[in-house]
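Engineer: Provided herewith is a single structure, encoded as C-alpha cells, for subsequent inquiry.
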Amino acid sequence: MSRAFSTKLLERGLLDRSQVELLNYRARLRGGGPPRHALELGLLSLDEVLEVYAEAVGLLPLRAIDLDRVNRDAAGAFPRRLAERLRIIPVFQLGLRWHVLSDRALSPAQQAEISDLLGVSVVVRALPPFLYAAIASWMRREPFEDSLVPLMERLFPRFAAAAEPGARPALAVTDGAMPSGLPRRLSEAGGGLGVLSQAATHLSERAALTAVWRVDGQTMHRVPSGTVLSMAELEGADRLSGDLVRLKPLPPGWERLLPDSDCDRMVVRPVQIDGKTVALLVLGAMGLPVDGVARTMIEDAANAIAEELRGRIG
C-alpha cells in the first residue's frame, strides 16, 4: 500500500522523489505509513491524501459526510468480530447495501462471506491506516496511541474529543482545536436564526424529508421559509419534552410540519434551553421506519444546536 501510494504521488506530480523518500523513511523509522506523515509534515492537504490513498487501494474516496455518519449505534447492527477481522468500520445500511470504511479493498472471498452471512453487499470507501486505527479505537471506546493525538485533534477533533470517562486526558481537544462538521458550521453562523438555518441545510443534505421549526411561545416559524404554524394545531404538542418522539401514525396536525410530502411517520426532536423549547427538528419517512442512523443524525444535530445556543446566551 505504501508503494502504491508513493507511486501515485509521483505520477500526479504532487511531490518530488526526495519528498516521497522522506515520507517513506519516516514511515519506516516511526511507523504509521506515508499518508500520516504527509499530513504531519504539511506536505499534502487532507483532501489530497484521501483522494490519492483511495486511488492507490482502488476504492471510493472518503467524504466528510462519511465521518459525520460514523456512530456506534448504527455500527452495532453489523457483527463486531467480522468487522474487526475484515478491518472495516460499518457506517450505515441502506436497503441491501452496507456502507463501510476500510484501509484496504475487500477480496472477492471476503465480499462473498458478508453476502452469505448477512444477505447484503458492501460499498467500501477508503481511509488511511492511521485513521482506521484511530476510529476503530474510538468505536471500542478505547484511547488511541499517544503519537496520533496531535494529528487527530487538528483534523478530526470529533474523534479526539470523544474519550470515555477514565480515558487519558490527552484525548481532550486543546483550546486551539476547531470543531468540525455541524458544530463548526453552527459556530460560524450569525445569530440564533443563522444557527437554525445552518442546521436546516445540514439535515436537508443528509435526508430528503426534513424540517427545522423555530418555536416562539405558541408560534412556530419554519426555517428558512418563514412559514407560520401554531403549536395548538399539533395534537399533544404541549406534552413535548426534550426527548426524541416517534410518531406513527401521525396525530392530527403533525403532517403540517412537512406539508409538501406524503410521509406517514416521523421523528421529532425538540431543542430545549433551560427547559424551554426553542426549536423542533423533524425527519419524515414513507413506508419504511426511520432507521437508527437517521435518529442519531437528528439527535446529534439537536445537541449541537442546544450547545451552540447555550454558549451564546451564557
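Engineer: From Gly217, Gly194, Gly190, which residue is more than 23 Å from Arg158 (Cα to Cα), small (Gly, Ala, Ser) and either touching a residue at least 40 places away in the same chain (Cβ under 8 Å) or in the same structural domain as Asp238 (by TED's automatic domain parsing) (or both)?
Structural biologist: Gly217
Engineer: Would you mind telling me which numbered condition in (1) crowded, with 17+ Cβ neighbours inside 10 Å; (2) under 15 Å from Val57 (Cβ atoms) Ser107 fails?
Structural biologist: (1)
Engineer: How about segment 1-18: which of its residues are among the hydrophobic types (A, V, I, L, M, F, W, C) and touching a residue at least 24 places away in the same chain (Cβ under 8 Å)?
Structural biologist: Scanning segment 1-18 gives Met1, Ala4, Phe5, Leu9, Leu14, Leu15.
Engineer: Being surrounded by 20 or more Cβ atoms within 10 Å (Cβ to Cβ) and of a type in the set (A, V, I, L, M) is the filter; apply it to segment 87-101 and report the residue that is farthest from Arg3 (Cα to Cα).
Structural biologist: So the residue we want is Val91.
Every residue, every condition in (1) outside any helix (DSSP H, G or I); (2) acidic (Asp, Glu); (3) loosely packed, with under 15 Cβ neighbours inside 10 Å, yes or no:
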site	(1), (2), (3)
Ala112	no, no, yes
Leu117	no, no, yes
Arg125	yes, no, no
Arg141	yes, no, yes
Ser147	no, no, yes
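Engineer: Please go through segment 81-108 and give me each residue that is among the small types (Gly, Ala, Ser) and in contact (Cβ under 8 Å) with a residue 24 or more places away in the chain, ordered by number.
Structural biologist: Once the filter is applied, which keeps residues that are among the small types (Gly, Ala, Ser) and in contact (Cβ under 8 Å) with a residue 24 or more places away in the chain, segment 81-108 yields Ser102, Ala105.
Engineer: Taking segment 262-290 as the search range and keeping residues that are buried (at least 21 other Cβ atoms within 10 Å of the Cβ) and more than 23 Å from Gln218 (Cα to Cα), which one is modelled with the lowest pLDDT?
Structural biologist: Per the stated criteria, the residue is Val290.
Engineer: Only one residue in Asp66, Asp47 is closer than 22 Å to Arg184 by Cα, touching a strand residue (DSSP E or B) at 6+ places or on another chain (Cβ under 7 Å) and among the acidic types (Asp, Glu), so which one is that?
Structural biologist: The match here is Asp66.
Engineer: Hey, among Leu50, Leu29, which residue is in a helix (DSSP H, G or I) and crowded, with 21+ Cβ neighbours inside 10 Å?
Structural biologist: The unique qualifying residue is Leu50.
Engineer: Among the numbered conditions (1) in a helix (DSSP H, G or I); (2) without any contact (Cβ under 8 Å) to a residue 40 or more places away in the chain; (3) touching a helix residue (DSSP H, G or I) at 6+ places or on another chain (Cβ under 8 Å), tell me where Arg36 comes up short.
Structural biologist: Of the numbered conditions (1) in a helix (DSSP H, G or I); (2) without any contact (Cβ under 8 Å) to a residue 40 or more places away in the chain; (3) touching a helix residue (DSSP H, G or I) at 6+ places or on another chain (Cβ under 8 Å), the odd one out for Arg36 is (2).
The values are calculated or read from the model by the stated rules, or taken from the named source; none is laboratory data. In this text, all values refer to a predicted model and were calculated from it rather than measured experimentally. Backbone-built Cβ (ideal geometry, glycine too); neighbour counts: all protein chains shown.
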